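Student: Sending over a structure as structure tokens; questions will come in a sec.
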Amino acid sequence: DGGITQSPKYLFRKEGQNVTLSCEQNLNHDAMYWYRQDPGQGLRLIYYSQIVNDFQKGDIAEGYSVSREKKESFPLTVTSAQKNPTAFYLCASSLGGASTEAFFGQGTRLTVV
Amino acid sequence: AQSVTQPDIHITVSEGASLELRCNYSYGATPYLFWYVQSPGQGLQLLLKYFSGDTLVQGIKGFEAEFKRSQSSFNLRKPSVHWSDAAEYFCAVGRASGTYKYIFGTGTRLKVLA
């Protein structure tokens with residue numbers, strides 16, 4: 001079945017450590033997205049990518065980095081520069097940008113301990 | 001500025017009652033409109049979408065939504081709510097072309113009383 005796979009589902013990290021969240025899709029979508037979700041704040045866009053080897057900052061990119069070396073993969077690194085990284089992270093993809101629906105992964109809950 | 005407003009943060013309804021979740025948007029171009037549902041700890045699932053044509057659209061799980069351009073609204077409705085509908089609902093706006101960024105509302109959390 002086609003879809004988006006995020007791993008791991010739960011992730012714990014110590015302060016000062018970088019951590020990478022995985023996102024893989026087999027929908028053959030060009031566009032991929034990373035969102036952060038905090039209670040009461042909806043979804044906030046971190047980064048998005050329109051095509052391989054290209055990505056753009058979203059609204060809250062500080063403290064995060066991404067890469068898009070393959071069409072299927074769009075990993076997100078939460079760096080030690082992110083002041084408040086504990087959150088629920090959602091990866092999504094779409095066929096043609098915002099003129100088509102986005103498909104979401106099941107999310108990764110990151111907790112800084 | 002482009003925005004999506006979901007005025008109700010929380011809504012509680014009894015099982016079997018009707019439901020309407022409100023969504024208002026501010027968007028200069030022709031909007032592409034979406035409703036998503038999210039169960040706790042899960043990703044978002046598309047309920048329905050509106051691109052053009054008939055302003056009343058049917059979705060999955062018995063949901064429907066009506067696009068009203070004059071009111072800049074895209075309200076979600078269900079005639080009879082089931083306990084399994086308890087979740088968070090997000091309205092989102094896209095655009096015909098030229099952008100890859102969706103605009104999401106802040107969500108409405110639905111509680112269903114048995």
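The values are calculated or read from the model by the stated rules, or taken from the named source; none is laboratory data. Everything numeric in this text was worked out from a predicted model, so none of it was measured. All Cβ positions, even for glycine, are placed from backbone atoms using ideal geometry, and neighbour counts span all protein chains on display. Heavy atoms of the whole protein, side chains included, go into the accessibility calculation; ligands, DNA and RNA do not. Shrake-Rupley method; radii C 1.70, N 1.55, O 1.52, S 1.80 Å.
Student: For residue A:107, all conditions in the list (1) more than 10 Å from chain B (Cβ to nearest Cβ); (2) open to solvent by less than 70 Å² (accessible area, probe 1.4 Å) hold save one; what is the number of the exception?
Tutor: Exception for residue A:107: condition (1).
Student: So, in segment B:55-97, of the ones that are more than 14 Å from every other protein chain (Cβ to nearest Cβ) and of a type in the set (Ser, Thr, Tyr), which residue ends up nearest to residue B:1 (Cα to Cα)?
Tutor: B:72
Student: What do you reckon, is residue A:51 within 11 Å of another protein chain (Cβ to nearest Cβ), among the aliphatic types (A, V, I, L, M) and open to solvent by 20 Å² or more (accessible area, probe 1.4 Å)?
Tutor: Details: within 11 Å of another protein chain (Cβ to nearest Cβ): yes; among the aliphatic types (A, V, I, L, M): yes; open to solvent by 20 Å² or more (accessible area, probe 1.4 Å): yes.
So residue A:51 passes the test.
Student: Does segment B:6-38 hold any residues that are among the polar types (S, T, N, Q) and at pLDDT 95 or above, and which are they?
Tutor: At the first step, the residues of segment B:6-38 found to be among the polar types (S, T, N, Q) are B:6, B:12, B:14, B:18, B:24, B:26, B:30, B:38.
Correct list: B:6, B:12, B:14, B:18, B:24, B:38.
Student: Picking from A:21, A:90, A:11, A:45, which residue would you name as being without any contact (Cβ under 8 Å) to a residue 24 or more places away in the chain and surrounded by 15 or more Cβ atoms within 10 Å (Cβ to Cβ)?
Tutor: A:45
Student: Further question on the same structure: Within segment B:35-46, is even one residue more than 11 Å from chain A (Cβ to nearest Cβ), over 15 Å from residue B:102 (Cβ atoms), surrounded by fewer than 16 Cβ atoms within 10 Å (Cβ to Cβ) and not hydroxyl-bearing (Ser, Thr, Tyr)?
Tutor: Checked segment B:35-46: no residue is more than 11 Å from chain A (Cβ to nearest Cβ), over 15 Å from residue B:102 (Cβ atoms), surrounded by fewer than 16 Cβ atoms within 10 Å (Cβ to Cβ) and not hydroxyl-bearing (Ser, Thr, Tyr).
Student: Still on this structure: Does segment B:98-113 contain any residue that is within 14 Å of chain A (Cβ to nearest Cβ) and on the phi > 0 side of the Ramachandran plot? Please lay out each step first, then the result.
Tutor: As a first pass, look at segment B:98-113 and keep what is within 14 Å of chain A (Cβ to nearest Cβ): B:98-109.
Those still in the list that are on the phi > 0 side of the Ramachandran plot too: B:98, B:107.
Yes, that holds for at least one residue.
Student: Any residue at all in segment A:48-58 that is farther than 17 Å from residue B:4 by Cα, among the charged types (D, E, K, R) and without any contact (Cβ under 8 Å) to a residue 12 or more places away in the chain?
Tutor: Among the residues of segment A:48-58, at least one is farther than 17 Å from residue B:4 by Cα, among the charged types (D, E, K, R) and without any contact (Cβ under 8 Å) to a residue 12 or more places away in the chain, which makes the answer yes.
Student: If you don't mind, another one. How about segment A:58-92: which of its residues are within 11 Å of another protein chain (Cβ to nearest Cβ) and under 12 Å from the mean Cα position of the chain (by Cα)?
Tutor: Here is the first cut: in segment A:58-92, the residues within 11 Å of another protein chain (Cβ to nearest Cβ) are A:58-59, A:88-92.
Of everything in segment A:58-92, those that are within 11 Å of another protein chain (Cβ to nearest Cβ) and under 12 Å from the mean Cα position of the chain (by Cα) turn out to be A:58, A:88, A:89, A:90, A:91, A:92.
Student: Further question: Please work out which one of (1) more than 23 Å from residue B:35 (Cα to Cα); (2) outside any strand (DSSP E or B) is the condition residue A:22 fails and give its number.
Tutor: It fails just one condition, (2).
Student: Restricting to segment B:1-25, count the residues that are of a type in the set (Gly, Ala, Ser), open to solvent by 50 Å² or more (accessible area, probe 1.4 Å) and assigned to a strand (DSSP E or B). Walk me through how you get there before you give the answer.
Tutor: The first filter runs over segment B:1-25 and keeps only residues of a type in the set (Gly, Ala, Ser), leaving B:1, B:3, B:14, B:16-18.
Retained after the next criterion (residues that are open to solvent by 50 Å² or more (accessible area, probe 1.4 Å)): B:1, B:14, B:18.
Restricting the remaining residues to those that are assigned to a strand (DSSP E or B) gives B:14.
Adding up the residues that qualify gives 1.
Student: Go through the residues of segment B:82-100 one by one and say whether even a single one is in contact with a Pro (Cβ under 9 Å, 6 or more places away or on another chain), charged (D, E, K, R), outside any loop (DSSP other than H, G, I, E, B) and within 21 Å of residue A:39 (Cα to Cα).
Tutor: Within segment B:82-100, one or more residues are in contact with a Pro (Cβ under 9 Å, 6 or more places away or on another chain), charged (D, E, K, R), outside any loop (DSSP other than H, G, I, E, B) and within 21 Å of residue A:39 (Cα to Cα).
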